[in-house]
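Read-outs: derived from the displayed coordinates by stated rules, not from any lab. Values in this document were obtained by computation on a predicted structure and should not be read as measured data. In this analysis, Cβ positions are derived from the backbone assuming ideal geometry, glycine residues included, and neighbour counts consider all displayed protein chains.
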Ligand code: SAH
């Protein structure tokens, strides 16, 4: 860290701006915005600057005596010699000084700011790249609505009261997080502070009204962290506990709040670390402890994810929850492998099925799957690949139909193995693809040669 970021109170303090042009006017404006009184010194001072309220103009060359009673200095003349003189005089008196566009002469730098007063965000690259700093600021500008000004002021108004009523600091943090992220905040953001205040008072009347634990059932997508939704990310950063299994890639688990507890409930085929019922109970118990529980699931929670069962238990126990959809393996993997799931020439429909074996057989509606002009996507199908290919052929699909196995799609380990219904079982035997794998059957697989764009490093 090359600089210490601080927020300085300059209310009613005298600050000096050396320079009388446009740049000086902008800097004076920033100082005035923070409540300072501004003394401007320059042989010529443009009218727009001189006429600003709370500005004292001294039409003269800068001299050290102008620093009398001054708390902060900004040099904004277009003469480097003058700027240097201002800088040296200020530093000799231990007055913080900034020289516009001249880091060497500065004892402090002015950050780019995002002003949602009383909420303030300051950005700096320590002079390394002001453009990058401004770009970042622009990005955050769109993410932090103007209404946050009101919200921060509202929170400030009730800070003391909440502190008195909710003595426990951990509970208080949860109170504020719920308040700033929930229905009360929505009211403030739309300008209905009256209702917001009533709701807040109700929450404070009874500690039990302070939000109990809740569960977020979140789809984490097929592997690439870039495929998370904004909502998933927001909840990941809010959760106290993360419950995840081996379908969720490590980089995604890492993106959860740093100090969140992480609980692995991994399930491998035939090697169940934790039974589904135990997971359901775990979620209930954690929520009852008042925690915000993030149940992270690979892909989409409602597609072969048993997400329905998990929230059924929560609903039965009266625990609040929300479900966040994710990109399911079929769509993530298909895109990254260059295999559109539907296509005018090849497939007008697409079926998602699970090839999970029950008693060594696959219970599927083979007639429906073997129809022409259709794509079939098989989840959890690798172990039944032989049966799958044989049954499809038996039910009328040409044995030359293309079929692909995609290993660990959308990740750096993605690998695509293609063949026909006749040849793929033998190829897979040799190639030994690693879980998780997804199987895609149908004419759309031919498009891959033209459309593949994702070429992972380690294939
Ligand atoms: N809810 C998940 C599916 C869970 S079932 C979803 O919507 O994607 C688990 C199966 O999903 C795996 O056996 C595999 O067939 C498939 N799968 C999940 N992620 C995958 C990935 N990155 N690459 C290939 N297949 C994947």
Calculated on alpha-carbon atoms, Rg and Dmax of the range 14-110 in Å: 11.6, 32
Length-normalised contact order of the chain in % [C-alpha pairs under 8 Å, at least 6 apart]: 9 percent
Computed [θ] at 222 nm, helices only, for the chain once each DSSP H run of length n ≥ 4 contributes -39500 (n - 2.57): -10500 deg cm²/dmol
Degrees, to the nearest 10: 193-205 long Cα axis against longest axis of the chain: 70 degrees
Angle between the chain longest axis and helix 307-316 axis [Cα atoms, degrees, rounded to 10]: 70 degrees
Angle between the chain longest axis and helix 385-394 axis [Cα atoms, degrees, rounded to 10]: 60 degrees
q = 0.16, 0.18, 0.26 Å⁻¹, the range 104-157: log10 I(q)/I(0) [Debye, one scatterer per Cα]: -0.55, -0.64, -0.97
Cα gyration tensor category, rounded, prolate or oblate, for the range 127-236 with a/c compared to 1.5: oblate
Three-way shape label, the range 333-454, alpha-carbon gyration tensor, a/c 1.5: oblate
Alpha-carbon centroid distance for the pair the range 372-407 / the range 18-53, whole angstrom: 75 Å
Alpha-carbon Debye profile of the range 147-209, log10 I(q)/I(0) at 0.24, 0.30 Å⁻¹: -1.03, -1.50
Gyration tensor (alpha-carbon) shape descriptor, the range 214-327, a/c threshold 1.5: rounded
Ranked list, fewest to most other Cβ atoms within 10 Å of each Cβ, for 113, 74: 113, 74
The range 333-454: relative contact order as a whole-number percent, Cα under 8 Å and 6+ apart: 35 percent
Size descriptor, Kirkwood hydrodynamic radius, that averages inverse alpha-carbon separations across the chain, Å: 27.3 Å
